[in-house]
Amino acid sequence: MAEGTNEQISAAESSPNIASLSLDPFSSVPAQAPLTLEEKYALVRSVGEECIQEDELRNLLEKKPNPICYDGFEPSGRMHIAQGVLKTINVNKLTSAGCTVKIWIADWFAQLNNKMGGDLKKIRTVGRYLIEIWKAVGMNLDRVEFLWSSDQINGRAHEYWPLVMDIARRNTLPRIIRCSQIMGRSEQDELTAAQIFYPCMQCADIFFLKADICQLGMDQRKVNVLAREYCDDIKRKNKPIILSHHMLPGLQQGQEKMSKSDPSSSIYMEDEEAEVNLKIKKAYCPPKIVEGNPCLEYIKYIIFPWFGKFVVVRTAENGGDRTFTSMEELIKDYESGALHPADVKPALAKAINQILQPVRDHFKNDNEARELLKTIKNYKVTR
């Protein structure tokens with residue numbers, strides 16, 4: 001298990017309030033009050049844009065007080081707010097509902113996928129930096145385990161590799177290649193043999209970690225479905241539940257996914273205040289248009305869950321200050337033109353900067369974290 005696994009977060013003021021972690025009314029239960037089954041279900045379900053299957057999730061929460069949720073990431077460069085803030089929001093929801101979250105630091109997988117030029121030492125350095133960010137931004141680590149894939153697999157190789165081999169044996173090559181999206185690749189890409197092996201390993205991870213719930217992005221859906229199909233093949237009754245969260249778009253028009261390799265697409269977790277302000281100022285945000293508007297997406301999936309409100313400061317001539325307490329209310333004003341992009345952007349930038357300030361402070365004041373960031377910034381990101 002990686003260092004820092006169960007450290008407490010000291011910057012309590014920077015942590016998202018559990019009571020406002022979802023627009024769902026069930027999540028307004030005080031953090032210290034025991035949650036009913038319905039409240040637990042609503043809180044966990046709110047993490048996913050899609051859930052396969054809802055009845056299985058409800059049954060799991062009824063029968064198992066502390067389900068195991070699996071999440072994972074390739075250490076592949078600087079962290080953006082989708083991976084930093086959105087993951088923190090989702091993890092804090094899950095742990096507040098009694099789940100144990102196992103975060104798989106997929107160092108071997110990053111090497112297989114040629115991240116950081118396949119240099120495992122660099123990959124592990126990036127992994128340590130990512131953990132520092134989650135600690136600083138306010139992830140509640142009481143029920144979180146950070147597990148390095150190379151250490152865990154080497155330690156239990158006799159369990160892991162037979163499982164990988166069985167999954168590989170039961171699936172055709174075209175079926176495995178269809179999962180290439182999980183690596184940020186397409187089926188048309190020229191894949192190395194290592195990248196073809198990758199989906200079989202990621203599928204095995206789910207069973208190796210004894211996960212009840214796969215809590216990953218929509219881009220990881222195909223391999224999670226592969227795991228459920230594998231259960232059918234081996235006649236296993238209890239299938240992993242798939243809880244796929246929303247993918248935040250990039251800042252520019254038509255960017256379906258935020259990309260850490262494209263600075264114009266991403267807000268990085270340690271970006272300075274002025275950088276955030278400039279990126280939001282240049283972001284795509286057409287007046288009266290909600291569909292495909294990244295600024296409104298960030299408000300919906302980051303600002304409202306974190307603060308429970310969105311505050312706009314304006315002069316009296318421009319309509320005066322306004323506090324929105326629901327996304328529906330905000331969309332109504334935006335579509336009518338009562339709320340303008342010139343109102344939205346400064347308010348969004350201010351809210352994001354408020355979330356990121358503890359991270360900036362940590363990387364300035366902690367010597368080890370500062371050196372990690374300096375090292376990471378000098379790395380060349382590879383695909």
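Things worth noting here:
- Test for Phe208: is it among the aromatic types (Phe, Trp, Tyr) and out of contact with any Ser or Thr (no Cβ under 9 Å at 6 or more places or on another chain): yes
- Taking the listed residues Gln202, Gln195, the one that is touching a strand residue (DSSP E or B) at 6+ places or on another chain (Cβ under 8 Å), of a type in the set (S, T, N, Q), in contact (Cβ under 8 Å) with a residue 60 or more places away in the chain and not in a strand (DSSP E or B) is Gln202, with no other qualifying.
- Among the numbered conditions (1) outside any strand (DSSP E or B); (2) at pLDDT 95 or above, the only one that Glu145 does not meet is (1).
- Asp232 open to solvent by 70 Å² or more (accessible area, probe 1.4 Å) and under 30 Å from Pro174 (Cα atoms): yes
- Region 54-66 residues that are farther than 10 Å from Cys99 by Cβ, paired with ones that are assigned to a helix (DSSP H, G or I) and open to solvent by less than 80 Å² (accessible area, probe 1.4 Å) (beta carbon under 6 Å, 6 or more apart): Arg58/Tyr41; Glu62/Leu37
- For region 369-383, a residue qualifies if it is outside any loop (DSSP other than H, G, I, E, B), in contact (Cβ under 8 Å) with a residue 40 or more places away in the chain and either open to solvent by 60 Å² or more (accessible area, probe 1.4 Å) or in contact with a Lys or Arg (Cβ under 8 Å, 6 or more places away or on another chain) (or both), and the qualifying residues are Leu372, Ile376, Lys377.
- If you filter region 66-110 down to residues that are over 26 Å from Ser266 (Cα atoms) and in a helix (DSSP H, G or I), you find that the one that is farthest from the chain's Cα centre (by Cα) is Ser96.
- Count of region 331-346 residues, restricted to those that are under 24 Å from Thr88 (Cα atoms) and either open to solvent by 10 Å² or more (accessible area, probe 1.4 Å) or part of a loop (DSSP other than H, G, I, E, B) (or both), is 2.
- Matching residues in region 208-229 - criterion: being modelled with pLDDT of 95 or more, open to solvent by less than 10 Å² (accessible area, probe 1.4 Å) and not hydrophobic (A, V, I, L, M, F, W, C): none
- Here Ile105, Ile133 are screened, and the one residue that is in contact with a Phe, Trp or Tyr (Cβ under 8 Å, 6 or more places away or on another chain), assigned by the TED database to the domain that holds Ala211 and surrounded by 24 or more Cβ atoms within 10 Å (Cβ to Cβ) is Ile105.
- Flag if Leu251 is free of Cβ contacts under 8 Å to residues at least 60 places away in the same chain and part of a loop (DSSP other than H, G, I, E, B): yes
- Any hit, region 156-163, residues being among the aromatic types (Phe, Trp, Tyr), more than 30 Å from Asn66 (Cβ to Cβ) and open to solvent by 20 Å² or more (accessible area, probe 1.4 Å): no
The values are calculated or read from the model by the stated rules, or taken from the named source; none is laboratory data. Nothing here was measured: the structure is a model prediction, and the numbers come from that model. Note: ideal-geometry Cβ built from the backbone for every residue, glycine included; neighbour counts use all protein chains shown. All accessible areas refer to the heavy atoms of the entire protein, side chains included, with ligands and DNA or RNA removed. Shrake-Rupley method; radii C 1.70, N 1.55, O 1.52, S 1.80 Å.
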